Amino acid sequence: MNSEPYIEVRGLVKKFGHKTALRNVDIFLTKGDSLALFGPNGAGKSTLIQVLCSLLQPTSGSVRIAGYEARRDREALHQIIGLIAHQTFLYPDLTAYENLKFYGAMYGVARLNDRIPEVLDLVGLSDYRNDVVQNFSRGMQQRLSIGRAIIHDPMIIFLDEPFTGLDQQGSEDFLKLILQFRDQGKTVIMASHHLHLGLELCDRAAILKAGRIVYLQDVAHISPDDFKQIYSQKVGENALHLKVA
Amino acid sequence: MKFVHKLGAIIWKDFISEFRTKEMILSMCLFSFLVLIIFNFAFGLSLKFDRGMIAGILWVAFVFSGLTGLGRSFSMERDRGTLPGLILSPVSPWTIFLAKLIGVFLFTIVMEIITVFIFTVLYNTTVLPFLAPLALIAFLGTLGFTAVGTIFSAISATAKARNVLLPILFFPISVPVIIASVKATGIILNGNPLQMIFPWLKILVAFDLIFLLVSYLTFAYILEE
Amino acid sequence: MKRTPTLLIPFQLLTYVLMLFALYTIFIYAPVEKTMGVIQKIFYIHVPAAFLAYLAFFITFIASIFYLYRKDSRWDTVAHCAVETGVIFCTIVLITGPIWAKPIWNVWWTWDPRLTTTLILWFTYVAYLMLRRAVKENQRANLAAVFGIIGFLNVPITFFSIRLWRTIHPVVITSRGLNMSGPMKLSLIITFIAFCFLFFSMLISRIRLERSKMHIEELKEIMDDMNF
């Protein structure tokens, strides 16, 4: 495994006007790492993901991903990342096929006519290729959103509360897909409230509190119950909002 | 050529959406139809109009209904939550701007053609003999105000009161375009030779070039957060 | 900005003195014009105010460019404060113009290029301020800066298009040598300088006020931080 940092975040500060959302965040990940971001509501998990994706600009500090910097190497950077959030970024009036065709074109995907059926197959939506996304259930939309996010075969996948609105089965199907990507060697960073699912997917975990990282360790060997204790301790409140299993 | 391919993809996507819902084009045409009717009531039933006034009426209809289309151009992306998807793609902000501009421009031209047709019917006046120069003025003028409108649509899409903010930003800046377009149209409709509108065309071309350049330099900042 | 900078107090004092001197100049020193009468004296306010209204927006233009280039919020503060100060002077122009025009040409408003462009400038100022109020804080500076640039570039184009459309502004300014006597020229220079001082005095005060506000917010932030 390459030990050079693939994702380098140094002294990241993000302010919205006078409110500071992220304070001096440092993160170093190597290629193929998987990181789960936990923390209470408002801790800054989504903000951090968005800054890493370059949807938000840092107020100060630096973010380098695969050697690219957000402003300087915008297009190159965007080409290698994919984002799956609770919003799907899908166009409701377009069909599943058309949505994928659009994003495929935007990412310059080669041999799109072959790639789209491949992706639809992967997310189990081949039968709905010509149905308009408006008519899809939440679970189907989320699956298509995965397709949209990986159509260009990104090296890094960001997930921001992706399980929102999914039922038990939906969450498990979703997790299976993401596990596939992780096993293919992609770098995965996920922000979530779902302790159990997060730990299943990721080898490292970070806890964010009020914009600060208060914990960042390898957790492959830690059980969910042990982690829950660590979490309560770090966050300093009852871990009621955590979903275990 | 990748740039053209991506530009085409965004335009294609907007066209399909519009083709399925027909939201923009219907509301624009309906609005301009209403404007023409209201002008008729406002100025009485006299059918004999000063040719300059026809120019004014037409351009008011074009600009006001163009504005309804412009408003949707970015607010739709924001409301449906698809704007981050666009920003996240490996495409320059100016490409997004240009794609939106071309889309709205084409829809507005369609609306203008329909408006002229409705006008011919309602007011029993034809502009057919002057079609070529009018098309040129319409092209340059529409390009001007849709460029300005697209920039401001992107700016006001973030605001809560976006329907109010867009006209407030739009009108002071589009004054030169409106003056030049109306004057030039009036001159042509009065049967004057093409040379007489050259100064106005120069203003329109200067305006178009300056604002396309400014959008190129600043659009990235509009999308940035 | 802890203490008042040493130069500021004399500067403000000088402004005060110059403005008093300007008032004296306008009402007592300047001769009454033969054809127009006393009302012509409003010209000594109208002209400097017009110059400063445009200068203010030029300041906004430059500050906006620097802001986008450097991302230093101090440039955004300058742009914002210049608009607020400029809109006051612009309003003065638009009020003194008709007051002058009515007795002389018997119309309240003349659609001449200079005055009409100033009216559009006024609307642009107001649009800038409304933009700042309407958008979220994290995008406010960026969007305002873009509008500041677009708005300023629009001014010359608007002027030329209106000029092509109409021309009836009195020629006092352009043929200054012919229509104005020595004392009148001197009066104009005096009031011009006084108003410039007034403008910059107001601008600097406004900027300092804004910076103080921002400083307070920062302090509140730090205190919130410490509490947690």
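Any read-out appearing in this document is the output of simple, stated calculations on the displayed coordinates, not a laboratory observation. Predicted model, so just to flag it, every value in this text is computed and none were measured. Here Cβ is always computed from backbone atoms with ideal geometry, including for glycine, and neighbour counts include all displayed protein chains.
A few comments on the model shown:
- Cα centroid separation - the stretch A:112-148 against the stretch C:1-52, whole Å: 72
- 5 angstrom amide H check on A:Asp160, placed H, neighbours 5+ away: A:Ile84, A:Ala85, A:His86, A:Ala191
- Percent of beta bridges antiparallel (DSSP, the protein assembly as shown, rounded to nearest 5): 55
- DSSP loop trypsin sites (Lys or Arg not before Pro) with at most 13 other Cβ within 10 Å: longest gap in chain B: B:49-159
- Projected area averaged over orientations for the stretch B:2-223, convex hull of C-alpha atoms, nm²: 12.5
- Taking label positions 7 Å along the Cα-Cβ direction at both C:Glu218 and C:Val17, the computed distance is 3.5 nm, reported to one decimal.
- Alpha-carbon centroids, the stretch B:1-21 and the stretch A:168-219: separation in whole Å: 35
- Between 0 and 90°, nearest 10: helix A:112-122 axis offset from chain A longest Cα axis: 60
- The alpha carbon gyration tensor of the stretch C:1-128 gives principal lengths a ≥ b ≥ c with a/c of 1.5 or higher and a/b no greater than b/c, which makes the shape oblate.
- Over chain A, the hull volume per residue, using the convex hull of the C-alpha atoms, is 128 Å³.
- Loop sites by DSSP among the trypsin sites (Lys or Arg not before Pro) of chain C, restricted to those with at most 14 other Cβ atoms within 10 angstrom, leave C:35-135 as the longest stretch without any of them.
- Kyte-Doolittle mean at least 0.5, axial Cα span of 24 Å or more - DSSP H helices of chain B: B:23-42, B:51-79, B:93-123, B:131-156, B:162-189, B:198-223
- At 1.567 mPa s and 4 °C, Stokes diffusion of the protein assembly as shown via Kirkwood alpha-carbon radius, µm² per second: 45
- The mean number of Cβ atoms from other chains found within 10 Å of a Cβ in peptide A:83-94 is 5, as a whole number.
- Between the stretch B:178-196 and the stretch C:133-164, the alpha-carbon center distance in angstrom: 28
- Qualifying trypsin sites (Lys or Arg not before Pro) for the stretch A:52-120 [loop in DSSP, other Cβ within 10 Å: at most 10]: A:Arg72, A:Arg111
- Helical mean residue ellipticity (222 nm; -39500 (n - 2.57) per DSSP H run of 4+; nearest 500) of chain C: -28000 deg cm²/dmol
- Global geometry of chain C, whether rounded, prolate or oblate, following the gyration tensor of its Cα atoms and the 1.5 cut on a/c: oblate
- Taken residue by residue and averaged, Cβ atoms of other chains lying within 10 Å of the Cβ of B:145-152 number 1.
- Seen against the Cα atoms of chain C and their longest principal axis, helix C:182-227 is set at about 10 degrees.
- Helix-only [θ]222 nm of chain A, DSSP H runs n ≥ 4, -39500 (n - 2.57) each, per residue, nearest 500: -10500 deg cm²/dmol
- Helix C:73-105 vs. chain C, principal-axis angle (Cα, 0 to 90°, nearest 10): 20
- Partner lysines whose Cα lies under 18 Å from the Cα of C:Lys220, excluding those fewer than 8 positions away in the same chain, are identified as A:Lys14, A:Lys15, A:Lys19, C:Lys2.
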